[in-house]
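These notes are about the structure you will find just below.
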């Protein structure tokens with residue numbers, strides 16, 4: 001698992017790569033929560049461009065960060081989702097809760113508009 005945390009104009013951008021299973025989720029969750037707490041930023045974008053595999057714990061990771069961000073009156077978006085992940089997000093109902101965009105820039109724009 002590869003994870004990069006960046007900040008773009010007050011929005012935390014998390015770029016994920018590799019496999020996203022239950023072993024990796026706890027570390028990722030803790031790092032995202034620490035960054036949001038440390039910086040006080042309320043916006044979050046998660047990019048799945050280089051993800052090869054996810055299990056159900058990935059949905060928990062996403063929903064948990066959504067809860068954190070909305071409790072802080074912020075916004076969140078997902079982006080760069082491959083076809084199989086897009087289907088999972090659709091079937092799970094996640095797309096009804098969170099916007100999914102093609103690019104990081106589009107996701108940043110949505111989050112900033114909120």
Quick check on my filter: what residues within region 9-27 are surrounded by 11 or more Cβ atoms within 10 Å (Cβ to Cβ) and at pLDDT below 95? 10, 17, 18, 19, 20, 21, 22, 23, 24, 25, 26, 27
For region 98-105, does any single residue satisfy the condition of being within 16 Å of residue 3 (Cβ to Cβ), in a helix (DSSP H, G or I) and in contact (Cβ under 8 Å) with a residue 40 or more places away in the chain? yes
Output for region 3-26, where each listed residue is in a helix (DSSP H, G or I), over 13 Å from the mean Cα position of the chain (by Cα) and in contact (Cβ under 8 Å) with a residue 24 or more places away in the chain: 22
Please go through region 69-84 and give me each residue that is under 17 Å from residue 48 (Cα atoms) and crowded, with 19+ Cβ neighbours inside 10 Å, ordered by number. 76, 77, 78, 79, 80, 81
Could you list all residues from region 28-37 that are closer than 17 Å to residue 74 by Cα and loosely packed, with under 15 Cβ neighbours inside 10 Å? 33, 34, 37
Can you say whether residue 43 is under 26 Å from residue 113 (Cα atoms) and either crowded, with 20+ Cβ neighbours inside 10 Å or out of contact with any helix residue (DSSP H, G or I) (no Cβ under 6 Å at 6 or more places or on another chain) (or both), as far as the supplied structure shows? yes
Taking region 49-85 and the residues there that are closer than 12 Å to residue 13 by Cβ and part of a strand (DSSP E or B), the one that is modelled with the lowest pLDDT would be 49
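The values are calculated or read from the model by the stated rules, or taken from the named source; none is laboratory data. Keep in mind the model is a prediction, meaning the values are calculated, not measured. Counting neighbours? That spans all protein chains shown, and the Cβs are built from the backbone with ideal geometry, glycine included.
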